[in-house]
Amino acid sequence: MKQVEKQDTVTVTSVGTLDNGAVFETITESEPRVIKIGEEDTPKPIQRTIIGMQVGEMRKVRLEPEEGFGIRRNDLLQTIPKNQFSDKIEAKVGLLISMNVEQDGVNHQVPATIVELKDDSIIIDYNHPLAGHPLNYELTVIDITKE
């Protein structure tokens, strides 16, 4: 039976969970993930785990925060005066919003989460919601394409 090797293209299903058991991602056979071993778009620990697997095999892998969405950064917290916040949106803790951020003279839409409401200001967090969390994956190979 063939095994995954470097440079193979692998089709997988997976379930991603946090340490508390909360599921943050489910990839099913109806919409599987295709991974090209050796390319940068898939974290190295996941690629190392997949190498040597056979079709139908399941393995678990854990990514530390630095290998996943990074560590939480306090410099990505911003306090905005409430009067600068849109009246069209009811601000509440946990709300994911899109913020306009200027970088090098170009405006970008960036996701942020409201983390605290004060009397006259709102604290938003530009960290990815999974930043700072170890990520646990159960990966199952459903197809291997040899190069």
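The values are calculated or read from the model by the stated rules, or taken from the named source; none is laboratory data. Just so we're clear, the structure is a prediction, and the values are computed from it rather than from any experiment. Here the Cβ positions follow ideal geometry from the backbone for every residue, glycine too, while neighbour counts run over all protein chains shown.
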Across the stretch 1-48, what is the total count of residues that are closer than 22 Å to residue 131 by Cα and touching a Ser or Thr at 6+ places or on another chain (Cβ under 6 Å)? 3
Which residue is surrounded by the fewest Cβ atoms within 10 Å (Cβ to Cβ), if the candidates are limited to the stretch 120-141 and must be touching an Asp or Glu at 6+ places or on another chain (Cβ under 6 Å) and assigned to a strand (DSSP E or B)? 123
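Matching residues to (1) of a type in the set (D, E, K, R); (2) in a helix (DSSP H, G or I):
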residue	(1), (2)
75	yes, yes
86	no, no
90	yes, no
94	no, no
97	no, no
101	no, no
107	no, no
110	no, no
113	no, no
Would you point out the residue of the stretch 1-42, among those that are touching a Gly at 6+ places or on another chain (Cβ under 7 Å) and in a loop (DSSP other than H, G, I, E, B), that is surrounded by the most Cβ atoms within 10 Å (Cβ to Cβ)? 4
With the checklist (1) in contact (Cβ under 8 Å) with a residue 12 or more places away in the chain; (2) touching a strand residue (DSSP E or B) at 6+ places or on another chain (Cβ under 6 Å) in hand, flag the one item residue 67 doesn't pass. (2)
Among the listed residues 95, 117, which satisfies the condition of being among the aliphatic types (A, V, I, L, M), surrounded by 12 or more Cβ atoms within 10 Å (Cβ to Cβ), over 19 Å from the mean Cα position of the chain (by Cα) and not assigned by TED's automatic domain parsing to the domain that holds residue 14? 117
